[in-house]
Amino acid sequence: PLQPGDGLKPVFGTKLDKNGRDRPERFGINGEQSRERRTSFGADRPIPARMLEHVMAVLSEIDPELASQLSAICAADPAAFENIIRRQGRRFGSLVRLRESDPELFEVKVAELKTDAEIYFVTEGLKGSNMSDPAIQAQLMQLRGLIRAKTALSIRAQTLHIERVERHLEGCRTKLQETTSRFDEIVDERVVKLLQENNDEMSEESPLKE
């Protein structure tokens, strides 16, 4: 049966729970997830206020509604908010670049973060509730719906990641095929270029040069 906190258990995609725990997405680009985890803010020291302000400024630029949701979490539970920023802060910055490079994936990732925030609030509202109380069933249904939505968004994000990887691989294959087919031509061009550079250098160093 569904219990409070189930919405915060890891599924594929970026997680955003009150403890700031996350699970790397299975499909990153060029080791993106590993780099983000290595550069997360250290847990052994507080996050500087200016860094928190910077992250919130970035979020406000990305999506004012998401920034408002996180501000509400900050007001309700500052420790939870700091943990979220500690684990996710650098990813927020990458969203700015993603907005330009892949608008569709950007929209999915923002929707994921918004849904995570909604899951947080609904789960908090269920704390201490009697799960057998019929009045709680509507909230449980809402939580289940949010988790379904988040899982669907995560699947979509993974699909888009795979499509990006496949496009990159196709470009690499095309380049490899072109290089292979032009092998001798490329070698000749390189030799001619190097010899020309040598001749140019000798001309510049010649004492007969006016």
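Some points to look at:
- Carbon and sulfur %, accessible surface of segment 131-195 computed with the full protein complex present, 1.4 Å: 61
- For segment 70-210, convex hull of alpha carbons as volume per residue, Å³: 195
- Sequence ranges 106-113, 180-187, 119-126, ranked by mean other-Cβ count within 10 angstrom, highest first: 106-113, 119-126, 180-187
The values are calculated or read from the model by the stated rules, or taken from the named source; none is laboratory data. A quick note: this is a predicted structure, and the numbers were derived from the prediction, not measured. Note that we place each Cβ from the backbone using ideal geometry, even for glycine, and neighbour counts take in every protein chain shown. These area figures cover heavy atoms from the full protein model, side chains too; ligands, DNA and RNA do not enter into them. Shrake-Rupley method; radii C 1.70, N 1.55, O 1.52, S 1.80 Å.
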